[in-house]
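**Student:** I am attaching a structure below and will ask some questions about it afterwards.
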Amino acid sequence: MRIGSIIGLIVIVWLVIGAVAAGQRGYFTTPPAQCSQVATIALNIVAGPLNYTGLDPQGGCEIPQPS
C-alpha cells in the first residue's frame with residue numbers, strides 16, 4: 001500500500017507541474033474555442049516536467065462535418 005501511495009503522489013505532482021507549465025504558456029487566460037486548443041492544454045498537462053526541457057506538445061483533432 002505504501003508504494004501505491006508514493007506512485008499516486010508522484011503522478012499528482014507530475015500533473016500539477018504540467019498544469020503550471022500550461023499556465024505559464026498562457027493557455028488558461030481564455031477559454032479554449034477549438035478542439036485542438038483543448039488537446040494542446042491536455043497534452044501539456046500530461047507532459048508535466050518535460051515541458052521545461054523544451055518539449056512543446058501541440059494537439060490536433062478533427063471533428064466530422066455534417067453532411
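**Student:** Quick one: with all protein chains in place, what share of the accessible area of the stretch 1-51 is carbon or sulfur, to the nearest percent (1.4 Å probe)?
**Tutor:** Exposed carbon and sulfur together represent 76 percent of the surface.
**Student:** Then there's this: Over the chain, what relative contact order in percent results from Cα pairs under 8 Å that are six or more residues apart?
**Tutor:** This gives 35 percent for the chain.
**Student:** 222 nm [θ] for the chain, helices only, -39500 (n - 2.57) per DSSP H run of 4+, per residue, to 500? Write out the running numbers ahead of the final one.
**Tutor:** Working: 2 runs with 36 residues, N = 67.
Calculated mean residue ellipticity at 222 nm is -18000 deg cm²/dmol.
**Student:** Which value, in Å², gives the accessible area per residue of the chain when a 1.4 Å probe is used on the protein heavy atoms?
**Tutor:** It amounts to 75 Å² per residue over the chain.
The values are calculated or read from the model by the stated rules, or taken from the named source; none is laboratory data. Keep in mind the model is a prediction, meaning the values are calculated, not measured. Calculation scope for accessible area: heavy atoms of the full protein, side chains included, ligands and nucleic acids excluded. Shrake-Rupley method; radii C 1.70, N 1.55, O 1.52, S 1.80 Å.
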